Amino acid sequence: MRRRMLLVGLWAATTAVAVLVGVFAVSTVGATIRDRGPVGDEVVRDTAVDPASVPSPDGPRVREEISGEWGAFVVQCRDTWAYGVGVRPDEAAGWRVVSWEKGPDDDVDAVFSDGRNSVDLEVFCNRGRPTLAELERNTLADD
């Protein structure tokens, strides 16, 4: 009986440690994915401390436009760094820009809305070229 209680105690302790390690790992990786990690606005704030963390403006520049019924999002890549250059909503169809990210970052976002729908674009640099990573369409609730 004593041996069984010891094994149960060891199992519980091991499980607790494994859960804590897993929660820490997921929250760290998740923060990076949600732009709260080492890349994002932190790059701009840390330039005084580490100039090497700022992307070189001299890198090769590739600019492309991601467009659809909502309008267009112009993105420029410099190596792996994405820059939101500009947005053009299709105002004739009732679309407007809700928000957009200028970068530099590992990805940049733009959100368009026509009042009933929204489109969220996420663009990253794949081998130096702007690439649409995610296009999320949402139907907005009536207010």
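What follows draws every value from the coordinates through simple rules; no lab data is involved. What you are looking at is a predicted structure, and each value in this text was computed from that prediction instead of being measured. Reconstructed Cβ throughout: ideal geometry from the backbone, glycine too, with neighbour counts over all protein chains shown.
So, in nm, how far is label E134 from label T15 when the simple model puts each one 7 Å beyond its Cα toward the Cβ?
3.3
7 Å from Cα along Cα→Cβ at both V62 and D90: what's the point-to-point distance in nm?
Placing both labels 7 Å along Cα→Cβ, they lie 2.6 nm apart.
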